[in-house]
Amino acid sequence: MSANDGLTVAILGPGGIGGLLAALLSRSGHRVICLAGDETAKTLRTTGLHVRSGMFGDFTAEVEADTELREPVDACLIAVKATHLDAALTRVPPGTLGDALVVPFLNGVEHPASLRARYRPDRVAPAVIRAESTRVAPGEIEHATPFAEVDLSGDPVPDERLDALAKALGEAGITTRVLPDEAAALWAKMSFLAPFALLTTRHALPLGDVRTHHREELTSLVEETAAVSRACGGPADPAGALARYDGFPHGMKSSMQRDAEAGRPLELDAIGGALLRAAERHGVPVPVTARVVGELRASGH
Ligand SMILES: NC(=O)c1ccc[n+]([C@@H]2O[C@H](COP(=O)([O-])OP(=O)(O)OC[C@H]3O[C@@H](n4cnc5c(N)ncnc54)[C@H](OP(=O)(O)O)[C@@H]3O)[C@@H](O)[C@H]2O)c1
């Protein structure tokens, strides 16, 4: 880290989440290097990142952009979809990273282990982000929610490294907490996300219709996911999860559902597949989740 606390941050995958983080960090004075494919890198170098956000305002941020990491950085934030992770990581050679934190923002629970197999395990600091942000075109980011919250964790990572990144994110406008228990942080998000993503996608219906017309199935998924979460050291609050779903707008859609609508590959294995594998490992019965994931797979996802 440089003397004035300005960080050099690489962002792998400057899409909905990565682009928002890159633009906010750049706006607050940090050096940002976006890592992307040729075309996107060229666009970012020429026109910067444009953000439209009710919360953060509409602004353009200058960023550096490259197709590969070529120098050490303080942190490398990873914001590609799970389906692109392996291909994208070839842009981040372990030897170049130096002592950098590796901070994945992906949904799911299995990617930290793959990252630790590839990079320094005690520098991998998984983050969870609550926000809705969309890459409408390369370099064009629409942030829709009136909030953007990050939970940063990393059991073997030195506290001061987590605190320094949390400070930078916080000063950039993102409400950031450092949480002491990585499994709890990841499973808290998974417990909320998995039933919502799987059922809105399975039925091609917004949350409002799922919670009324498929209530029993939703309740089963929430209970099964909570049981797996508990077995994995995460929280288990099925009643709380259902109450949260009931509080959201009727038309709310999951990003998995949006991916299905657009014909993009789904993060089905990272969410549904990971849930089933964890259930199997811990001997937790999840019959309804297994059926729904099976139906999604059978329909070509
Ligand atoms: N979006 C949300 O609101 C949200 C909220 C919470 C969690 N998440 C999670 O955050 C993760 C990222 O989601 P997202 O919605 O931000 O995805 P996204 O908008 O699709 O952005 C992914 C970015 O990755 C880039 N990319 C793909 N393959 C690459 C490669 N081989 N090398 C370099 N870059 C590559 C894409 O580049 P191009 O621009 O060139 O296509 C794109 O900019 C997912 O795990 C998602 O579940 C998302």
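The values are calculated or read from the model by the stated rules, or taken from the named source; none is laboratory data. Since we're looking at a predicted model, the values are computed, not measured. Please note: Cβ atoms are built from the backbone with ideal geometry, for glycine as well, and neighbour counts cover all protein chains shown.
Which members of region 139-160 meet the condition of being more than 18 Å from the chain's Cα centre (by Cα) and buried (at least 20 other Cβ atoms within 10 Å of the Cβ)? Residues satisfying the conditions are GLY139, VAL157. Do we have ALA278 as at pLDDT 95 or above and away from the ligand (no atom under 16 Å from the Cβ) here? Taking the combined requirement at face value, the residue satisfies it.
Yes/no matrix, rows are residues, columns are (1) more than 23 Å from LEU101 (Cβ to Cβ); (2) in contact with an Asp or Glu (Cβ under 6 Å, 6 or more places away or on another chain); (3) assigned by TED's automatic domain parsing to the domain that holds SER255; (4) within 14 Å of the ligand (Cβ to nearest atom):
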residue: LEU21; (1), (2), (3), (4): no, no, no, yes
residue: SER26; (1), (2), (3), (4): no, no, no, no
residue: ARG45; (1), (2), (3), (4): yes, no, no, yes
residue: GLU64; (1), (2), (3), (4): no, no, no, no
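Do we find a residue being over 30 Å from ALA279 (Cα atoms), more than 8 Å from the ligand (Cβ to nearest atom) and among the charged types (D, E, K, R) anywhere in region 95-118? Yes, region 95-118 contains a residue that is over 30 Å from ALA279 (Cα atoms), more than 8 Å from the ligand (Cβ to nearest atom) and among the charged types (D, E, K, R).
In region 254-266, the residues that are farther than 9 Å from HIS301 by Cα and part of a helix (DSSP H, G or I) form Cβ pairs under 8 Å with partners that are within 9 Å of the ligand (Cβ to nearest atom) and of a type in the set (A, V, I, L, M), at six or more places apart or across chains, as follows: SER255/ALA197; MET256/ALA197; MET256/ILE271; GLN257/ALA197.
Listed here are the residues, each with its yes/no results for (1) assigned to a helix (DSSP H, G or I); (2) outside the structural domain of ALA148 (by TED's automatic domain parsing); (3) surrounded by 16 or more Cβ atoms within 10 Å (Cβ to Cβ); (4) among the aliphatic types (A, V, I, L, M).
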| site | (1), (2), (3), (4) |
| --- | --- |
| ALA188 | yes, yes, yes, yes |
| LEU193 | yes, yes, yes, yes |
| LEU198 | yes, yes, yes, yes |
| THR201 | yes, yes, yes, no |
| LEU205 | no, yes, yes, yes |
| THR212 | yes, yes, no, no |
| GLU223 | yes, yes, yes, no |
| GLY233 | no, yes, no, no |
| HIS250 | no, yes, no, no |
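Figure legend. Inter-residue proximity from region 227-250: first residues within 18 Å of THR200 (Cα to Cα), second residues in a helix (DSSP H, G or I) and of a type in the set (Lys, Arg), beta-carbon distance below 7 Å, spacing 6+ or different chains. Indicated pairs: TYR245/ARG211; ASP246/ARG211.
Of all residues in region 92-138, how many are basic (Lys, Arg) and within 21 Å of GLY173 (Cβ to Cβ)? Result for region 92-138: 2.
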